[in-house]
Amino acid sequence: MNVNNKHYRTIWMEKSSVFMIEQNLLPFEFKIFESTNYLDTCMAIKTMIVRGAGAIGAAAGFALAQAALTADKNNYTEYIALAKKTIEATRPTARNLFTATERVYNAAKESKKLAVEEAQNIADEDAQTSLAIGKFGNELIKSGYGIETHCNAGWLAFVDHGTALSPIYQAHKSGKEIFVYVDETRPRNQGAKLTAWELQNENVPYAIIPDNAGAHLMSKGKIDIMITGADRIAKNGDTANKIGTLEKAIAAKYYGIPFYIAAPRSTFDINCKSGKEIIIEERHPDEVLYQIGINKQNRSEKLLISAPGSKAINPAFDVTPAELITGIITEKGIIKPTEDDIIKLFSQ
Ligand code: MRU
């Protein structure tokens, strides 16, 4: 995607360094973070310098490739096994992270060179599948549509193009008149900060809406379709995505609005029978109690926005049951959220 007329991927690897767009600083500052070793890449995943299912997957793959590159030949096998464990402990919910570590680990057992190649393949595939998702998703969008989206499943959340936003970009490029309702997505505001910034860069008309405004806008006929991303999809179609997605899906069902998930095959976990088995990441209470923004002097500030001394509960994801999902837009086409369709998707 383009930033100031230059094409960027969210994350890439050159020699033994991993470069990523520092997402904690957006939309106020555009900066590239360089990680020279796998532990720093782990830190970047944990602290959300890099975030979003596909981008986390690419980061995890690159991290393991970095570990393989620096491993000593005397304890190579133990070193890469420990690195895999360390990388997998960074964030538990996004399936792509584990898909990537599994693939790069198998390659690393063969050679360092293959580990790096496999990590690059994962990143390239992520960009390609996102583009294909955009093509299929665009077919669902008619000119004049109001589209609601939650969190950020745009190009920042992947290596390029994104999932939920990819159909939106393609619809806009193909000349359809669309308007995007961007859920602010408390507590970290990935919608208000990241999705809004992305849409602005692509000149797509949009407005940020408070998280609790979705049902109201649906009741007023403003939303024709809702598209979100996914962090992990179970074999029965139950889908984990950013906290708040479940409430939107319930509201969409009530108002008869099609609710689509956009995700590549790397987000499906066919060893996970249903959403009940998905581990939901709990994040720090400060994300709820404080907000980070910039002041009039353009300086970043962290402000307390709640009653001092309050406790907070901060689950980062929720699970939307398959029955609330109209369809899943994948790189192979649009499928129903059923076990049959998901098994078929993996036999293609
Ligand atoms: O916690 P994050 O920002 O890494 O959350 C992941 C997400 O971006 C969303 O849940 C998204 O909708 C699906 S992954 C692109």
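Data table
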{"quantity": "Boolean, ALA322 is within 18 Å of the chain's Cα centre (by Cα) and either within 16 Å of the ligand (Cβ to nearest atom) or under 19 Å from ALA240 (Cα atoms) (or both)", "calculated": "no"}
{"quantity": "ALA234 touching a Lys or Arg at 6+ places or on another chain (Cβ under 7 Å) and within 27 Å of TRP155 (Cβ to Cβ)", "calculated": "yes"}
{"quantity": "Number of the exception - GLU282 against (1) touching a residue at least 40 places away in the same chain (Cβ under 8 Å); (2) within 27 Å of ILE21 (Cα to Cα); (3) within 14 Å of the ligand (Cβ to nearest atom)", "calculated": "(1)"}
{"quantity": "Any hit, the stretch 178-198, residues being of a type in the set (Val, Ile, Thr) and on the phi > 0 side of the Ramachandran plot", "calculated": "yes"}
{"quantity": "Residues of the stretch 134-159 classified as in a strand (DSSP E or B) and either crowded, with 20+ Cβ neighbours inside 10 Å or among the hydroxyl-bearing types (Ser, Thr, Tyr) (or both), total", "calculated": "3"}
{"quantity": "Residue that is farthest from SER130 (Cα to Cα), among those in the stretch 216-272 that are in contact with a Leu (Cβ under 7 Å, 6 or more places away or on another chain) and β-branched (Val, Ile, Thr)", "calculated": "ILE250"}
{"quantity": "Index of the failed condition, LEU303 passing every other in (1) in contact with an Asp or Glu (Cβ under 8 Å, 6 or more places away or on another chain); (2) open to solvent by 40 Å² or more (accessible area, probe 1.4 Å); (3) not in a helix (DSSP H, G or I)", "calculated": "(1)"}
{"quantity": "Exclusive hit being among the acidic types (Asp, Glu) and touching an Asp or Glu at 6+ places or on another chain (Cβ under 9 Å), set GLU78, GLU22", "calculated": "GLU22"}
{"quantity": "Residue within the stretch 63-84 that is touching a residue at least 12 places away in the same chain (Cβ under 8 Å), surrounded by 23 or more Cβ atoms within 10 Å (Cβ to Cβ) and not aliphatic (A, V, I, L, M) present", "calculated": "yes"}
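The values are calculated or read from the model by the stated rules, or taken from the named source; none is laboratory data. All of these numbers come straight from a predicted model, not from anything done at the bench. Methodologically, a virtual Cβ is constructed for each residue, glycine included, from the backbone with ideal geometry; neighbour enumeration extends over all protein chains shown. The area values use the complete protein model at the heavy-atom level, side chains included, leaving out ligands, DNA and RNA. Shrake-Rupley method; radii C 1.70, N 1.55, O 1.52, S 1.80 Å.
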